[in-house]
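A short write-up of the structure that comes next.
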Amino acid sequence: MKKHPLWKYLRQDSLPHFFCPGCGAAQVLNFFLKASDEIQLDYDQLVGIGGVGCAARIPVYLNAEALHGVHGRTLPWATGIKLHKPELKVVIFAGDGDASAIGGGHLIHACRRNLDVVMIVVNNLTFGMTGGQMAPTTPKNVKTATTPYGNREEPFDICKLAETAGATYVARWSTVKPKNAKDAIKEALNHKGFSLVEIITQCPTHFGRRALSTGSPVQCLEWIKNNSISAKKATTADPQALESKFILGTFVHKEKPVFKGSSVC
Amino acid sequence: MSKKENKIRSGTHFMLGNHAIVEGALAAGCDFFAGYPITPANEISQYMSERMPKTGGVFFQGEDELCSIYALSGASLAGAKAMTATASAGFNYMQEGIGYAVASEIPMVIVDVMRCRGENYATQSDVMQLRWGASGDHEHIVLAPSSVQELFDHTIRAFNLAEKYRTPVMVMSETTISLMREKLVIPKADDLDIVNRIKPQVPPELFVPFKAPEDQAPPLPSFGDGYRILHSLNPHDENGGIAWDPDVFEKLYYRITNKVQAHYDDIVRVKDFYLDDADIALVAYGSETRPARQAVRIAREKGIKAGVLKLDTIWPVPEKHLTELSKKVAKVLTVEMNIGKYSNEVDRVCGRFCEVGRVLKNRGEIHTTQEILHAIEEAVK
């Protein structure tokens with residue numbers, strides 16, 4: 001039987017994967033495999049890092065050096081790896097919790113330092129693994145496991161946060177835009193400096209059922225689609241109409257010296 | 001302009017304790033340091049920030065202790081000999097990362113310069129935090145230096161043990177000795193005993209990353225060597241695969257703790273002072289061994305047969321040595337600067353064969369010789 005051309009990049013003894021049917025995280029794995037294949041990334045020199053949560057499992061399936069379970073501390077690990085061995089390619093698969101809640105403090109500093117790593121933020125707008133609780137990215141007013149009367153907090157815009165903190169490549173796409181998402185990952189892999197690619201993903205199991213009253217992956221994708229707007233269109237749109245929208249596109253792409261340590265002589 | 005400096009500054013020095021830790025680390029081959037400022041450990045990171053880049057290593061100041069401890073893990077798996085230094089309150093935050101390092105068997109050295117809560121006064125109050133601070137099952141190795149020379153020597157030893165057993169090793173320092181200046185002799189490079197981690201002797205396709213005899217750690221390749229290892233905090237089988245299986249869990253944590261327990265003779269070190277004919281023994285560690293030894297000298301002059309067992313390794317508990325001691329003397333007194341934490345361990349081990357007692361001080365000051373002498377005199381009345 002002929003093997004799929006991307007099969008060689010997978011850690012086969014970790015399969016089958018543990019994602020729910022219709023989960024967007026598995027699509028992100030697919031985007032990454034394609035992007036890395038297109039640039040012929042050397043998996044011997046690749047370190048995939050995942051924290052705790054659904055998206056954190058993605059590197060477990062990569063046939064590369066991999067770390068899993070580093071709850072919110074993906075960037076500190078990455079910092080140690082890159083400072084000691086800068087030739088390695090380090091890619092972090094973070095959920096929105098890893099990126100902006102428990103690991104949020106680390107994110108701003110990694111951006112500020114322009115640490116030369118790729119951070120793919122798989123943003124499903126909720127804490128999926130623990131049962132669909134409110135995340136810092138959960139849209140206002142929606143119901144989650146811990147906001148039964150609607151979310152009273154303002155959500156984070158992770159891309160804006162990264163941009164303001166000094167990241168040198170920042171883009172946002174969604175699982176509705178697979179080609180753009182894959183191309184953004186490719187650009188990030190080719191970029192030298194801190195790259196953040198946020199991908200809005202569907203979580204039919206928790207976010208769908210609690211916030212959108214649907215367990216259907218297709219309806220969740222439609223909801224993402226209907227609430228998305230391109231960065232280009234957003235520049236001329238009414239600011240109020242943009243409030244609860246996912247703005248998709250590339251926000252930052254610039255060169256800056258990368259971080260090599262706090263004391264260099 | 002960058003100027004290269006020698007990692008090993010052989011010769012005789014008059015040096016600050018915290019600087020001796022740095023020299024010990026560099027002599028052991030440390031090439032990665034990460035830390036977050038905290039008194040009274042600051043001289044370690046400040047001196048590291050000067051020395052490290054000039055000796056070809058990396059100095060990193062994290063945004064907090066969590067970042068620092070995990071940066072160590074990352075650097076260590078990438079092949080570095082990595083160290084951090086902190087003090088009691090900062091050490092709290094690092095426990096999360098230390099637990100991970102145990103589970104994934106990552107060599108690293110952590111220096112804890114103990115201080116009182118909220119103040120930098122003298123204390124030994126972390127003696128239990130050092131042992132039990134991290135979640136999950138672990139068997140920590142903790143060394144207890146008592147002088148500037150020992151800060152240097154024990155730091156080297158900590159690196160050697162960390163590399164050999166693939167586990168975090170802690171150096172328990174104190175305000176008292178870290179901020180003291182004393183004579184330090186740094187040997188010539190050839191006279192230093194330096195241990196490096198064992199790398200796989202087989203190619204990646206034949207290497208089973210977490211397979212080892214039940215009293216050993218497996219060889220550890222570096223990231224980028226082509227072994228493509230999955231490191232997970234979750235229970236993992238010999239291949240590194242995430243597996244929730246009680247047998248896998250039990251076997252993994254048995255090996256992780258047993259690899260330390262089974263090597264008691266290699267890891268545990270104590271020193272005897274006047275114990276040959278002693279009727280009463282003091283058990284002390286760290287800075288408290290200094291007034292304890294002096295008190296015993298004076299007691300001897302007064303005709304009291306007293307001695308000191310100085311614990312250079314406090315974890316694992318030197319049970320064999322303590323048991324042997326308790327069979328020889330009539331009474332054992334534990335001397336420490338806290339509410340009596342390690343005393344519980346000494347009582348547990350020695351209490352079966354002899355009388356036990358405590359000489360405690362918990363007011364930010366080291367015991368005076370007179371205080372300990374008085375306790376000895378009271379005990380033999």
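Please treat every number below as a calculation from the coordinates, not as lab data. Remember, it's a predicted structure, so these values are computed and weren't measured experimentally. Note: ideal-geometry Cβ built from the backbone for every residue, glycine included; neighbour counts use all protein chains shown.
Grab the other residues whose beta carbon is less than 12 angstrom from that of B:Pro40, score K and R as +1, D and E as -1, and report the net. Before the final figure, lay out each step's value.
Values: positive: B:Arg115; negative: B:Glu43, B:Asp112, B:Glu119, B:Glu174.
Its environment carries a net charge of -3.
With chain A treated as a Gaussian network of Cα nodes joined by springs under 10 Å, which of A:Leu161, A:Leu242, A:Leu115 yields the largest mean-square fluctuation?
A:Leu242
Sort segment B:1-139 into rounded, prolate or oblate with this rule: let a ≥ b ≥ c be the square roots of the eigenvalues of the Cα gyration tensor; rounded if a/c is under 1.5, and if a/c is not under 1.5, prolate when a/b is larger than b/c, oblate otherwise.
oblate
Taking the 0 to 90 degree range and rounding to the nearest ten, how far is the long axis of helix B:246-261 tilted relative to the main principal axis of chain B, both from C-alpha atoms?
In chain B, helix B:246-261 runs at an angle near 50 degrees to the longest axis.
What size of dipole, in debye to the nearest 20, comes out for segment B:270-380 about its Cα centre when the only charges are +1 on Lys and Arg C-beta atoms and -1 on Asp and Glu C-beta atoms? List each step's numbers first, then the result.
Numbers: 18 positive and 17 negative charges, 15 e Å.
It works out to roughly 80 debye.
Taking every residue in B:234-243, how many Cβ atoms of other protein chains lie within 10 Å of its Cβ, on average? Display every interim value, and only then the final one.
Details: counts 4, 0, 2, 1, 0, 3, 6, 4, 6, 0.
Mean inter-chain Cβ contacts per residue within 10 Å come to 3.
Could you give the size of the charge dipole of the protein assembly as shown about its Cα centre, using +1 on the Cβ of each K and R and -1 on the Cβ of each D and E, expressed in debye and rounded to the nearest 20? All intermediate terms of the calculation are to be shown ahead of the outcome.
Working: 74 positive and 72 negative charges, 278 e Å.
So the dipole magnitude of the protein assembly as shown works out to roughly 1340 debye.
Could you give the angle, 0 to 90 degrees to the nearest 10, between helix B:369-380's Cα long axis and the longest principal axis of the Cα atoms of chain B?
70 degrees
Which entries of A:Lys85/B:Lys188; B:Lys81/B:Lys183; A:Lys8/B:Lys199; B:Lys341/B:Lys361; A:Lys85/B:Lys81 show an alpha-carbon separation above 19 angstrom in the structure shown? Don't skip to the end; give the middle numbers.
On the way: A:Lys85/B:Lys188 29 Å; B:Lys81/B:Lys183 26 Å; A:Lys8/B:Lys199 26 Å; B:Lys341/B:Lys361 11 Å; A:Lys85/B:Lys81 13 Å.
Beyond 19 Å: A:Lys85/B:Lys188; B:Lys81/B:Lys183; A:Lys8/B:Lys199.
Just add up the charged neighbours of B:Tyr70: K/R +1, D/E -1, any other residue whose Cβ is under 12 Å from the Cβ of B:Tyr70. It would help to have the intermediate numbers written out before the result.
Numbers: positive: A:Arg73; negative: B:Glu63, B:Asp64, B:Glu65, B:Glu96.
Net of charged neighbours comes to -3.
I need the peptides B:262-273, B:314-325, A:226-237 ranked by packing, meaning the mean over residues of other C-beta atoms within 10 angstrom, with the highest value on top.
Details: B:262-273: 15.8, B:314-325: 19.2, A:226-237: 13.0.
Most protected by this proxy first, the peptides run B:314-325, B:262-273, A:226-237.
Would you work out which of B:Met180, B:Leu161, B:Gly11 lies farthest towards the positive end of the dipole of segment B:11-191, given +1 charges on the beta-carbon of Lys and Arg and -1 on that of Asp and Glu, about the Cα centre?
The Cα lying farthest towards the positive end belongs to B:Gly11.
Let me know the mean shielding of A:95-105 by other chains, meaning the per-residue number of their Cβ atoms within 10 Å of its Cβ.
On the way: counts 0, 0, 0, 0, 0, 0, 0, 1, 2, 0, 4.
Partner-chain Cβ atoms within 10 Å, mean over residues of A:95-105: 1.
Rounded, prolate or oblate: which fits segment B:111-192, taking a ≥ b ≥ c as square roots of the Cα gyration tensor eigenvalues, rounded meaning a/c under 1.5, else prolate when a/b beats b/c? It would help to have the intermediate numbers written out before the result.
Numbers: a/c = 3.59, a/b = 1.11, b/c = 3.23.
Judged from the Cα gyration tensor, segment B:111-192 comes out oblate (a/c at least 1.5, b/c at or above a/b).
Calculate how many DSSP beta bridges within the protein assembly as shown are antiparallel, expressed in % of all such bridges and rounded to the nearest 5. Don't jump to the answer; show the numbers that get you there.
Working: 20 of 89 bridges.
Once the DSSP bridges in the protein assembly as shown are tallied, antiparallel ones form about 20 percent.
Quick one: which of A:102-113, A:14-25, B:237-248 comes out on top by average Cβ neighbours within 10 Å, and what's the full order, highest first?
Working: A:102-113: 21.2, A:14-25: 17.7, B:237-248: 15.0.
So the order, starting with the most tightly packed, is A:102-113, A:14-25, B:237-248.
Tell me, how many Å apart are the Cα centres for segment A:146-189 and for segment B:82-127?
35 Å
Rounded, prolate or oblate: pick one for segment B:286-381, where a ≥ b ≥ c are the square roots of the eigenvalues of its C-alpha gyration tensor, a/c under 1.5 means rounded, and failing that, prolate if a/b is larger than b/c, else oblate.
Here segment B:286-381 falls in the oblate category.
Using a 10 Å cut-off around each Cβ of peptide B:213-223, what is the average number of partner chain Cβ atoms that fall inside? Numbers along the way, then the final one.
Values: counts 0, 0, 0, 0, 0, 0, 0, 0, 1, 5, 13.
Mean number of neighbouring Cβ atoms from other chains: 2.
So how tilted is helix B:88-103 from the main axis of chain B? Cα-based, degrees 0 to 90, rounded to 10.
50 degrees
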